[in-house]
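Every read-out reported here was derived from the displayed coordinates using simple, explicitly stated rules and does not represent laboratory data. Keep in mind the model is a prediction, meaning the values are calculated, not measured. So basically every Cβ, Gly included, is an ideal-geometry build from the backbone, and we count neighbours across all protein chains shown.
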Amino acid sequence: MKIDKSVSAVVTGGASGLGKASAQALAAAGVKVAIFDINEAAGEAVAKEIGGVFCNVNIMSEESALAGFEKARKAHGQERVLVHCAMAARRGKTLSFDKETRGYKRTPTADYAFGVEGILVASYRMASLSALGMASLPELEDGERGSIVLTASVAAQDAQIGQVIYGSAKAGVNGLVLPMARDLMDVGIRVNSIMPGIFATPLMLGAPQNVLDSLAASVPFPKRLGKPDEFGSLVLELTRNTYFNGQCLRLDGAIRMAPR
């Protein structure tokens, strides 16, 4: 896909972290970007910085998502690119020992369902709603109409203790990629996912320095946390390169996560 000012994009979670880096990379390449996020102050600031539009969207609500797409399309026209970075989840081990009761307790099913809704179901929601709009666009070279990039995680393949919700839901995101790419092949819409490793996002940088140093040392090469703009760079390549389709790509410095 040729990236220029004729292309518009929607980036979920674009107010910070990997989503912000993706929005900045696309905007720097000339793309008109709409940011979907629930953090209005940060989202508006990023939108102003990149000359985009902010839409207050809760990805766990169909109505909120529909309203966001309506606002974005009114401002920039139908998007050809969706980058989905936003998520919501909870932590918990399948079973954990309770020192007070001297027995085991399990992570409630409701907590598991919340994570699946906030990661896997939300990924399907945003991708399918965007694809429905993309299907109305005129064809580009090779019959292409659009590109969808989902965000999984290295935890999709080697989740750690306490990541039963996050890891399995992110594995589900990867599981969406090939069947959705095949569903959309006749429409000319590509679907890929990125599995980031340990990245220097605002959330991660809130950890103590000794923890950050230990995490950086665990990366084979380069021995540091990933930079958000490296994620944004891969988003750009997946958007530009029409032969990328149905792929789940690790971006992790060759790290393989230990059990804990």
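Points worth noting:
- For the range 152-162, a residue qualifies if it is surrounded by 20 or more Cβ atoms within 10 Å (Cβ to Cβ) and of a type in the set (S, T, N, Q), and exactly one does: S153.
- Matching option when the condition is over 30 Å from V219 (Cα atoms) and either touching a His at 6+ places or on another chain (Cβ under 7 Å) or touching a residue at least 12 places away in the same chain (Cβ under 8 Å) (or both), among G133, G118: G133
- Filter result for A169 (buried (at least 17 other Cβ atoms within 10 Å of the Cβ) and touching a strand residue (DSSP E or B) at 6+ places or on another chain (Cβ under 7 Å)): no
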